[in-house]
Amino acid sequence: MRVDDEGVLFFEHSGIPWMVQAAQLAEGLVVLSLMCVVAVNLPEDTELALSAIERASELPFGGTPVISRNDGKMDMTLRYEFPAEGLSKDALGTLFGIMIGNSSKLRDALATPDLLRPRSPRHRA
């Protein structure tokens, strides 16, 4: 774990690098931004990317995957942002645990692309 000169915290959990940064947007509104790198240098595959986006949106708190690159490869990150004011240490620890678990679930699914392939359509009411 390390903290850079701007106060950004970097750590790794189960081989997944994380970054945590706090920003005060207004008086009494401190927002935490968490981002992790789930996969890098994946072969570009639109179906896989869309399935990963769908899977990530189903995770608790819906971390948003970001897929980027223009060289035939894709990288995937998850990002979470939420107000931090008023959260106890226990509540914050619970949120971090959920988010870290989500990243591991998505990384494991990316390692087994068949887990990400489209599932049967959901029934709509």
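The values are calculated or read from the model by the stated rules, or taken from the named source; none is laboratory data. Remember, predicted model here, so these are calculated numbers, not experimental data. No Cβ is skipped: glycine too gets one built from the backbone with ideal geometry, and neighbour counts run over all protein chains shown.
Residue selection: Ala23 satisfies the criterion of being touching a strand residue (DSSP E or B) at 6+ places or on another chain (Cβ under 8 Å), of a type outside the set (Lys, Arg) and either surrounded by 12 or more Cβ atoms within 10 Å (Cβ to Cβ) or in contact (Cβ under 8 Å) with a residue 24 or more places away in the chain (or both). Restricting Pro65, Pro60 to residues that are assigned to a loop (DSSP other than H, G, I, E, B) and either among the basic types (Lys, Arg) or at negative phi (or both) narrows the list to Pro60.
Taken over the range 76-92, the criterion of being closer than 14 Å to Pro65 by Cβ and among the hydroxyl-bearing types (Ser, Thr, Tyr) is satisfied by Thr77, Tyr80.
Val66 passes every criterion in (1) over 11 Å from the mean Cα position of the chain (by Cα); (2) among the β-branched types (Val, Ile, Thr); (3) modelled with pLDDT under 80 apart from (1).
The residue that is farthest from the chain's Cα centre (by Cα), among those in the range 26-61 that are surrounded by 13 or more Cβ atoms within 10 Å (Cβ to Cβ) and among the polar types (S, T, N, Q), is Ser51. Scanning the range 62-113 for residues that are surrounded by fewer than 17 Cβ atoms within 10 Å (Cβ to Cβ) and touching a Gly at 6+ places or on another chain (Cβ under 7 Å) gives Arg79, Glu85. Of all the numbered requirements in (1) without any contact (Cβ under 8 Å) to a residue 40 or more places away in the chain; (2) under 27 Å from Val3 (Cα atoms), Phe61 misses one, and that requirement is (1).
Residues considered: Glu54, Glu85, Glu47, Glu81. Of these, the only one that is of a type in the set (D, E, K, R), in a strand (DSSP E or B) and at pLDDT below 90 is Glu81.
Reported count of residues in the range 1-35, each being part of a strand (DSSP E or B), closer than 14 Å to Phe96 by Cβ and small (Gly, Ala, Ser), is 2.
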